[in-house]
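J.: Got a structure for you, questions after.
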Amino acid sequence: MAYLTEKFGSAGALHLFAGAGETVAVARVPAIKASAKNRSKKASHGTFLYGLPLLGLFFLLWEIAPQLGWLNRIFFPPLSEVLVAWWALLASGVLIEHIGISLQRAAIGFALGVVVAIPLGLLMGRYWLFEKVSDLLVQTLRNTSQFALLPVFILLLGIGEESKVAITFYSSVFFLLVNTISGVKSVDPLLIKAARSMGTSDFDLFRKVILPASIPSIVAGARLAVKSSLFAVIGAEMLAAKSGLGFLIQNSQLMMETADMYAGILTLTVIGLTVNYLLVWFKRWATAWKGQSETSLI
Amino acid sequence: MDRPNMDRIVVSDISKTFQLKPGQFVTVDGEATDRVTVLDGVDLSIRKGEFITLVGPSGSGKSVLLDIIGGLTQATGGNVQLDGRRITRPDPKTGYVFQQYALFPWRTALANIEYALEVRGVAKAERTATARHLLALFGLAGFEDRFPNQLSGGMQQRVAIARALASNPEVLLMDEPFAALDQQTRELLQGELLRIWGKINTTVIFVTHSIDEAIFLADRVVVMTARPGAVKEIIDIDLPRPRDGDIRASAEFNAYRARVWDVLRDEVNKAQKDWTLSPAFSH
Ligand SMILES: Nc1ncnc2c1ncn2[C@@H]1O[C@H](COP(=O)(O)OP(=O)(O)OP(=O)(O)O)[C@@H](O)[C@H]1O
Ligand SMILES: [Mg+2]
C-alpha cells in the first residue's frame, strides 16, 4: 500500500504542483526554461494518468473485499465506512485538533533544528578544527535512535510537550546539520576567492556567499528532516501521549474503532503527501537559479 | 626622475614558497620536497593607466603573482605597493576577473554586479543604478534578471568584468579572462575591453597564454620565466591606439609576435621538463 501511494504521490506531486512551481520559475526566469518546464509538466501529467487505474483498483478492493467477506469487516472496514468515520471526525473538529497538535510538535522541533543546525553547520563546514572536534560526537548522537531516547526525554522533560518537541528536534537536526556541512564544504573555492577579492568581510562571506551556495544541499536536508520529524512525532504520540494523530490511531485500535484508526492513517498519508509536494515546490523555488528541472521526489 | 610618482604598482623582489600539506611531496630537480618556490625575485613597476599583459609558461606563477598583487595571498618575501602603500589584503581600489567568471549562480546578472557595491556599503538605489549602467555599457541591457546559467560564456564574462568595474577600481587584475571563450567572442571582448579601458583609465594587469591577445591589448608585454617565476623580459608594444582587429595582420604586429615567441620559447621548453610538479596539485 505504501508503495502504491508513494507512486501515486510522486506523479500527483508533479501534476498538482507543476502549476505553482512554474509560475514562480517563469516569473524569475524568463523565456529560456519555459519549454523544458512544459515538457516535464506534460510527462508528469502522463505518469499521473497511468498510475490512476491501479490506485483506483486498490481503493475498489478496499471497498469490496470486506463487503464480500474476503476480509474481516471488524479489522478491515470497507473504504466507504472509513470515509464516513473520517467525515465524522472532521465534522466534530476532533481530527483537526489532533492534526494541529501533531503538526505543531513537528514544526517546533524542526524549527529548532534549523536554528541550531544551520549556524553550527556553517561553522563546522568552514573551520576544520570545529568539525574535527565535534564530528565524533555528532556521529555518535546521529546513530542513536530517537525512539530509544524517548524514555530519556520523558525522564528529563516530562510527559508533556517538551519531550515531543525534543524527539522531533532530535529527528531533524542531524539531517540539517550533515547537509549544511556538506553544502558548505562543496562551495566553489573560486566564489570565495572572488568574494574576498571584492573585500567581503567574514560575516558577509557566510551570509552572502557560503549560505546561499549551500542552500540546495540544506533544502535537500530539510526535506529529510521534515519527514523524519513527522514520523517521529507520530511514533512518540503512539508511545506516550494523550493527543495528536499518533495517539488517535493507537487509541482507536485499542478501542477497536477500526474505522477511526484507518481514517487516522489515511489522514497521515494525505499530510505526508502534501508536505512532500510543498517541499518539492519549495526546493524548486529556492533553487530556481540552478535552472534544472527537478523530478526526483525521494 | 619622476617615475616613482607615476608608478601605480611597484612589485619589489617578490618571492613565494608554498609549504605543502603534511604528507604531500613533489619532486623538484630530482629531489623530493614539501616546499615549492614558485616566484623568485619578481620586480615590476606599472604606471598609472597602463595596460600590462603577462605571459609565461604554465606553472610560472602568473596566477600566484596576481593573487599577491590582489592581496589574496601573502608573499614569502618582498612587497607590492599600490600608490605607495604596501598591500596586505584585498584593496577596495582593485578589481579581479577570473577565467571561470566566478559569478554567484544564485544572483541575477544585476545582483551579481550589485554585490561588489553591497559589500562596500553602497545604498540600494545607487548600486542598482550603477549596476544597470554597467550592464548597458557592456551591451547587456535587458539581461538584468537572467541568472548566470542562462547567459552565454561571453555574456557571463562581461557581467564578471562589469562586477569588477562596479567599484570604480584603479587597478584591474584579469587572469586569463577570455581563455574559456571561442575565438570570435574572444576578439569581440578584447575590443570591448579596450574601448572601456580607454574611457576609465584603469591600470590593467592581464594574464594570457595567447601571444596575439597579449600584443593586441598591451602597452607592455611582460614575459615570465619558467618556475621559479621572475620577469624575463618586458616588451614595449608601440602600436597606435585605438586598435582594431585589422592591426593583427600588420607587419609590426607580426614582428612583435616573433619577438615575444622568441623570448617565451626557451621558458616553455624548460617548463615542460618541470611537468612532474603539476600532478601533485589540483588547481
Ligand atoms: N596553494 C598552493 N599550494 C601549493 N602549490 C601551489 C598553490 N597554488 C599554486 N601552486 C603552484 O604554484 C605554481 C604556479 O602556479 P600558478 O597557478 O601561479 O601558475 P600559472 O602561471 O598561473 O599557470 P597557468 O598558466 O597554468 O595558469 C604551480 O606549480 C602550482 O601548482
Ligand atoms: Mg594561472
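We did not get these values from a lab; they are worked out from the coordinates using the rules stated. This structure is a prediction, so every number in the text was calculated from the model and none was measured. So basically every Cβ, Gly included, is an ideal-geometry build from the backbone, and we count neighbours across all protein chains shown.
J.: Using the Karplus equation 6.51 cos²θ - 1.76 cosθ + 1.60 (θ = phi - 60°), what ³J(HN,Hα) coupling, rounded to whole Hz, does each residue of segment B:187-197 give in order, writing x for Gly and Pro?
T.: 5, 4, 5, 4, x, 4, 4, 4, 4, 6, 4
J.: Placing +1 at every Lys and Arg Cβ and -1 at every Asp and Glu Cβ, with all other atoms neutral, what dipole size does segment A:77-290 have around its Cα centre, in debye to the nearest 20?
T.: Working: 16 positive and 12 negative charges, 205 e Å.
Its charge dipole is roughly 980 debye.
J.: Sort all Cα-Cα distances of the protein assembly as shown into consecutive 10 angstrom bins from zero, then give the percent of pairs in each bin up to the one containing the longest distance.
T.: Binned Cα distances yield the sequence 3, 13, 19, 19, 15, 12, 9, 6, 3, 1, 0.
J.: Please state the charge dipole magnitude for segment B:100-204, taken about the Cα centre, from unit charges on C-beta atoms (+1 on K and R, -1 on D and E), reported in debye and rounded to the nearest 20.
T.: 240
J.: So how compact is chain B: Cα radius of gyration and Dmax in angstrom?
T.: 19.2, 59
J.: Return the tail of the calculated pair distribution for segment B:136-283, meaning the percent of Cα-Cα pairs more than 18 Å apart.
T.: That fraction is 64 percent.
J.: Taking springs between alpha-carbon atoms closer than 10 angstrom, which of B:35, B:158, B:220 fluctuates most in the Gaussian network model of chain B?
T.: Comparing B:35, B:158, B:220 in a Gaussian network model of chain B, the most mobile one is B:35.
J.: Moving to a separate point now. When the C-alpha atoms of segment A:171-298 are aligned to their principal axes, what extent does each axis show, in angstrom, from largest down?
T.: Extents along the principal axes, in whole Å: 69, 31, 16.
J.: While we're on this one: Within a 10 angstrom radius of the beta carbon, how do A:50, A:170 rank from fewest other beta carbons to most?
T.: A:50, A:170
J.: When chain B is modelled as a GNM with alpha-carbon springs shorter than 10 Å, which of B:51, B:216, B:25 fluctuates the most?
T.: Of the options given, B:25 has the highest mean-square fluctuation.
J.: Per 0.36 nm of contour for each residue apart, how much would the distance between residue B:262 and residue B:32 grow if the chain were fully extended, relative to their Cα-Cα spacing?
T.: Gain in length upon complete extension: 79.6 nm.
J.: By count of other Cβ within 10 Å, fewest leading, how are A:172, B:152, A:163 ordered?
T.: Lowest to highest Cβ neighbour count: B:152, A:163, A:172.
J.: About its Cα centre, how strong a charge dipole does the protein assembly as shown have in debye, to the nearest 20, once Lys and Arg get +1 and Asp and Glu get -1 at the Cβ?
T.: So the magnitude is around 580 debye.
J.: In addition: So, R0 is 22 Å and r is the distance between the beta-carbons of residue A:254 and residue A:155; what FRET efficiency does that work out to, to 0.05?
T.: It comes out at approximately 0.35.
J.: Tell me, A:168, A:140, B:33, B:53 in order of fewest to most beta-carbon neighbours within 10 Å?
T.: Sorted ascending by nearby Cβ count, the order is A:140, B:33, B:53, A:168.
J.: Place a point 7 Å from the Cα of residue A:266 along the Cα-to-Cβ direction; which residues of segment A:72-88 have their backbone N under 15 Å from it?
T.: A:76-88
J.: Could I ask something else about it? Which shape class applies to segment B:1-134: rounded if a/c is under 1.5, otherwise prolate when a/b exceeds b/c and oblate if not, where a ≥ b ≥ c are the square roots of the Cα gyration tensor eigenvalues?
T.: Details: a/c = 2.50, a/b = 1.46, b/c = 1.72.
Oblate shape, in that a/c is at least 1.5 and b/c is the bigger or equal ratio.
J.: Also, I was wondering about something else. With a sphere of radius 12 Å drawn around the Cβ of residue A:200, what net charge do the other residues whose Cβ falls strictly inside it have (Lys, Arg +1; Asp, Glu -1)?
T.: Result for the neighbourhood of residue A:200: +3.
J.: Please check: in the Gaussian network model of chain B (C-alpha springs, under 10 Å), which one of B:255, B:218, B:164 has the largest mean-square fluctuation.
T.: B:255
J.: Continuing with the same structure: State the volume of the convex hull built on the alpha-carbon positions of segment A:211-263, expressed per residue in Å³ and rounded to an integer.
T.: Cα-based convex hull of segment A:211-263, divided per residue, equals 82 Å³.
J.: With r as the distance between the Cβ atoms of residue A:139 and residue B:209 and R0 = 41 Å, compute the FRET efficiency 1/(1 + (r/R0)^6) and round to 0.05. Could the numbers behind the result be given before it?
T.: Details: r = 46 Å, r/R0 = 1.12.
Once rounded, the FRET efficiency stands at 0.35.
J.: Compute the orientation-averaged projected area for segment A:77-290 from the convex hull of its Cα atoms and round it to one decimal in nm². Please report the intermediate quantities before stating the final value.
T.: Values: hull surface 55.9 nm².
Average projection, Cα convex hull of segment A:77-290: 14.0 nm².
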